[in-house]
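What follows is one structure encoded as structure tokens, with my remarks underneath.
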Amino acid sequence: VEYNKLLDELQFSDERISQCKELAIDHFNLYTPISSYTEANFPSKTLLLLGILWHLFLGESAAAARNELTYSDGGLTVPLEERFQYYNSLAQTYGQQFTTSSQQVKIQLNLDDGYGMVGSDFAWLPIY
């Protein structure tokens, strides 16, 4: 969590980061093949960070869109809140990276699980 000099406070609370972590893990688990990873056994810290950032900036962009305001007086127009585009762009970037990386990790994990032995009824037949 980084101190934001313009807002004179922390950008994201610990509670919000924790909530976004749970959302990122849940989102990853919903990609096929569906899985049940937790924070303890999540396959990649980098991937988890991308998912957290995606959800954090998605929330920030929604709040910025809701609070967007332009003030006009005497022919002068001043935007008072114009962070939506920046937050939305960050959310899209992190979201795309998370989605692409999640799919690649899921494919690799599925391939890794595919190696082994496939049972057959012929294994129990007597050998003559």
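The values are calculated or read from the model by the stated rules, or taken from the named source; none is laboratory data. Fair warning: this is a prediction, and the values are worked out from it, not measured in the lab. Cβ sites come from the backbone with ideal geometry, for glycine too, and all protein chains shown count toward neighbours. Only protein heavy atoms, including side chains, enter the accessible area calculation; ligands, DNA and RNA are left aside. Shrake-Rupley method; radii C 1.70, N 1.55, O 1.52, S 1.80 Å.
General observations
- Across region 34-49, the qualifying residues are those that are in contact (Cβ under 8 Å) with a residue 60 or more places away in the chain and open to solvent by less than 50 Å² (accessible area, probe 1.4 Å), and the one among them that is farthest from Gln104 (Cα to Cα) is Ser35.
- Filter pass, Tyr31 being touching a residue at least 24 places away in the same chain (Cβ under 8 Å) and surrounded by fewer than 17 Cβ atoms within 10 Å (Cβ to Cβ): yes
- Check on Ile52, of a type in the set (A, V, I, L, M, F, W, C), open to solvent by less than 90 Å² (accessible area, probe 1.4 Å), part of a helix (DSSP H, G or I) and under 30 Å from Asp113 (Cβ atoms): yes
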